């Protein structure tokens, strides 16, 4: 299994090589991983076949070569490969141009680039302040016979 954090520029992953990116795990191409992955804050990049469960307090990215069958949960989720399962992002979920999501997602912000594909159910919670306003504005239905 390739959980590499060094020599990212040599592997063509320069965007993840900056000191402030906080990369905590890289599961590289050509590897298969099955099980649970738990990370604190930072960036987890899956560019492989992964099955199981992945959680992070930071960002999880499924890169273009990533083929993931899992339940994932993170602050931010970026999908450029394939996800079959569930995804729960507490801040934002992005499906990039070649990204495919087959399953249910939950996020307050959903971004789907042109070419991205999503099939499933999406739950987008109403922010707390807006929830009270939405209830006050909704007309109550009256039924008369």
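The values are calculated or read from the model by the stated rules, or taken from the named source; none is laboratory data. Since the structure is predicted, the reported quantities are computational estimates derived from the model, not experimental observations. Cβ coordinates were reconstructed from backbone atoms using ideal geometry, including for glycine residues, and neighbour counts include every protein chain displayed.
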Matching entry among 21, 65 (being out of contact with any helix residue (DSSP H, G or I) (no Cβ under 7 Å at 6 or more places or on another chain) and either modelled with pLDDT under 80 or assigned to a helix (DSSP H, G or I) (or both)): 21
For the structure I just gave you, tell me whether residue 112 is farther than 20 Å from residue 50 by Cα, at pLDDT 95 or above and surrounded by 15 or more Cβ atoms within 10 Å (Cβ to Cβ). yes
When both residues are 6+ apart or on different chains and their Cβ atoms are under 9 Å apart, which pairs have a first residue that lies in the stretch 71-94 and is on the phi > 0 side of the Ramachandran plot and at pLDDT below 95, and a second that is surrounded by fewer than 23 Cβ atoms within 10 Å (Cβ to Cβ) and outside any strand (DSSP E or B)? none
Working only within the stretch 97-109, note down all residues that are surrounded by fewer than 22 Cβ atoms within 10 Å (Cβ to Cβ) and in contact (Cβ under 8 Å) with a residue 24 or more places away in the chain. 98, 107
